[in-house]
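Visitor: First the structure, which I've put down as structure tokens, then a few questions once you've had a look.
Just so you know, all these numbers are worked out from the coordinates, no wet-lab data involved. Note that the structure is predicted; figures quoted are calculated from it, not measured. Every residue, glycine as well, gets a Cβ built from its backbone with ideal geometry; the counts of neighbours run over all protein chains shown.
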Amino acid sequence: MAGFTYDLLVVGSGPAGQRAAIQAAKLNKRVALVERKAVVGGVCINTGTIPSKTLREAVLYLSGYRLHGLYGASYTVKQNITMEDLQFRTQHVVGHEVDVTRHQLLRNRVEVLAGTASFVDPHTIKVAEVDSHLTREVSADKVVLATGTEVTRDESIHFDGKRIVSSDDILGLQQLPRSLTVVGAGVIGLEYASIFAALGVRVTLVDKRHRLLPFVDAEVIDTLAYHLREARVTLRLGEEVSGMEQITDAFGDRVRIHLASGKQIISDAALYSVGRTGATGSLDLGAAGLSADDRGRLPVNEHYQTAVPHIYAVGDVIGFPSLASTSMEQGRLAACHAFGVPATSVPALFPYGIYSIPEISMVGRTEEELTEQGVPYEVGKAHYREIARGQIIGDSTGLLKLIFDLDSHALLGVHIIGEGASELVHIGQAVLAFGGPVEYFVNTVFNYPTLAECYKTAAFDGVNRLGQAPLESLSVPGAAA
Ligand SMILES: Cc1cc2nc3c(=O)[nH]c(=O)nc-3n(C[C@H](O)[C@H](O)[C@H](O)COP(=O)(O)OP(=O)(O)OC[C@H]3O[C@@H](n4cnc5c(N)ncnc54)[C@H](O)[C@@H]3O)c2cc1C
């Protein structure tokens, strides 16, 4: 090991790479991290998770959206919201997160090497500086590839960053469009569609699939579709885009989207969001004896080792589930495995947070999955309107749904749509992880008034549906008893 420049070399400074580097540094290893962008943080901090979630908060605040249920749709904190208003908040948060990340790396003595990494051989990596012809070679005993993904681009579409944008550059729009077509109703497309709709932008959402987010509970998706339509979003599902062109008409510079069905959609701007491809193109994988699949992704085993055991791959570059949350954990686990440190994790039980408006979160299995697997179950539900906190915050449409095993009553899944869903889900996640029964919620005292009380109401609802001696339900108007 002494012959190598480093014990561990990490490629990529997104959440997966950061966590791998810091975990190894905590184990007293000599660690370097290579990043080709001028700033650390990856897609997560610079163009993806953090800016989109900050944009969402800025929109919810400035539009007064959360209080429309109480004060009416005309209530706003600011009229004529501009892209600058929104960018002000995103730039502030992104700048802070980049600084925190860089500081964490430095504090843990991780050497940050600026440049694009590529393999020379399985233990040697060339780092080519982006703005000069300078290159240097470094070697490492172990390597972690955390290079993430890039937007999948259709060569026939001219992305100009003004009228036709990807999720990487949508925040750079100079003006808030009056109308926006979102091509691709995956998580990212849906999030942006609902965020812009909350600002009053006329949004059309196109997807070739007939159902939104097939992995999410059908009832939750029905609620989401209801909210999208309320926000005047036009859903064009089961439709394929056959072309996109930039046009100038009486309303100015716009985009015309052609659908295979012959329909056309004209809007001020279009967001093309049909997926992402593993960022492995510049790594010269062949020099290390590796190859990526047709979507640029690297196959790994349960320890995140690639086909070459001392080279690990973590985060979005290995594909599903492609979340910042799981990427961090994979980075930590890979570093522990590389240096023989035992680490346990329950990655199978990770929650999903979908930051559409309204927010969705889930953990465990859906009704559809359980039916397919032949597992008998019962369901308990609580609507936010039944809970005092729901009334106080003005969210009368939120829903929390518990699914539990018919025989053992063990919790099997938690599905939530509404304010705070992505925080609330962790209560259910803990009970799921410990194999707890639905009665846990019946027998637990929650702070009052909180949204967490939905767990208790849903549990009462579910237990009472079993047809056994009914339990006294919360005596709130409208509660299922
Ligand atoms: C719009 C959007 C919203 C999202 N929202 C959420 C969310 O709410 N919650 C959530 O959990 N996840 C979310 N995600 C997903 C999340 O951003 C990713 O899962 C996460 O960033 C993956 O982390 P990573 O470390 O694998 O890669 P990345 O964050 O993509 O970082 C990879 C880094 O590697 C660098 N790199 C690549 N190749 C090289 C090379 N050859 N040499 C040197 N450096 C290289 C890149 O420049 C980049 O900085 C979102 C993604 C997008 C696009």
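Visitor: State to the nearest 20 debye the size of the charge dipole of the chain about its Cα centre, where the only charges are +1 on K and R beta carbons and -1 on D and E beta carbons. Before the final figure, lay out each step's value.
Guide: Values: 42 positive and 53 negative charges, 166 e Å.
Approximately 800 debye in magnitude.
Visitor: Contact order normalised by length for the range 369-472, with contacts defined as Cα pairs under 8 Å and 6 or more residues apart; what percent is it? Intermediate results must be reported in sequence, preceding the final value.
Guide: Details: 176 pairs, mean separation 31.0, N = 104.
Relative contact order of the range 369-472: 30 percent.
Visitor: Right, something else. For a quick protection proxy, order the peptides 214-220, 288-294 by their average other-Cβ count within 10 Å, most packed first. Please list the in-between numbers first.
Guide: Numbers: 214-220: 17.9, 288-294: 15.1.
Put in order of decreasing packing, that is 214-220, 288-294.
Visitor: Can you pull a Stokes-Einstein diffusion coefficient for the range 42-117 at 10 °C (1.306 mPa s), Rh from Kirkwood over Cα pairs, as a whole number of µm²/s?
Guide: Details: Rh = 14.5 Å.
Answer from the Stokes-Einstein relation: 109 µm²/s.
Visitor: Per DSSP helix of 4 or more residues, -39500 (n - 2.57); summed, then divided by the residues of the chain. What does that give at 222 nm, rounded to the nearest 500?
Guide: -9000 deg cm²/dmol
Visitor: Another question about this same structure. Quick one: compute the contact order of the range 1-78, relative version, from alpha carbon pairs under 8 angstrom and 6+ residues apart, as a percent. Walk me through the intermediate numbers first.
Guide: Numbers: 81 pairs, mean separation 17.8, N = 78.
Computed over the range 1-78, the figure is 23 percent.
Visitor: Out of the range 142-217, which GluC sites (Glu not before Pro) are coil in DSSP terms and have no more than 14 other C-beta atoms within 10 Å? Don't skip to the answer; put the middle values down first.
Guide: Details: sites: Glu150, Glu155, Glu191; in loops: Glu155.
Loop-located and lightly packed - Glu155.
Visitor: So what is the relative contact order of the chain, in percent, for Cα pairs below 8 Å that sit 6 or more residues apart? Working shown, then result.
Guide: Numbers: 1031 pairs, mean separation 69.1, N = 481.
RCO, the chain: 14 percent.
Visitor: Quick one: which of 115-128, 368-381 comes out on top by average Cβ neighbours within 10 Å, and what's the full order, highest first? Please list the in-between numbers first.
Guide: Working: 115-128: 18.9, 368-381: 15.1.
The densest-packed peptide leads the list: 115-128, 368-381.
Visitor: Follow-up question, since we're still on this one. State the Cα centre-to-centre distance between the range 310-389 and the range 104-176 in whole Å.
Guide: 26 Å
Visitor: Compute from the Cα atoms of the chain the Rg and the Dmax, the latter being the longest Cα-Cα distance, and quote both in angstrom.
Guide: Expressed in Å, the Cα Rg and Dmax of the chain come to 24.2, 77.
Visitor: Oh, and also: Please list, in chain and number order, the residues 5+ apart from Tyr377 or on another chain whose amide H is under 5 Å from its amide H, with Hs placed from the backbone.
Guide: Hits under the 5 Å cutoff: Leu406.
Visitor: Name the GluC sites (Glu not before Pro) in the range 228-272 that are in a loop by DSSP and that have at most 16 other C-beta atoms within 10 Å, would you? Mind dumping the intermediate values first?
Guide: Details: sites: Glu230, Glu239, Glu240, Glu245; in loops: Glu239, Glu240.
Hits after loop and neighbour filter: Glu240.
Visitor: Next up: Counting only residues 5 or more places away or on other chains, whose amide H sits under 5 Å from the amide H of Arg254 once H atoms are built in the peptide plane?
Guide: HN-HN under 5 Å from Arg254: Ile247, Thr248, Asp249.
Visitor: What's the tally of Lys pairs in the chain whose alpha-carbon atoms lie under 17 angstrom apart, where the two lysines are 8 or more places apart or on different chains? Provide the component values of the computation, followed by the final result.
Guide: Numbers: Lys26/Lys142; Lys29/Lys142; Lys37/Lys126; Lys126/Lys142; Lys208/Lys263; Lys381/Lys401; Lys381/Lys456; Lys401/Lys456.
Lysine pairs meeting the criterion: 8.
Visitor: Applying the Karplus parametrisation 6.51 cos²θ - 1.76 cosθ + 1.60 with θ = phi - 60° to the phi angles of the range 360-372, what ³J(HN,Hα) value in whole Hz is obtained for each residue in order, glycine and proline being reported as x?
Guide: In residue order, the calculated couplings are 10, 8, 8, 8, x, 9, 9, 4, 4, 5, 5, 5, 4 Hz.
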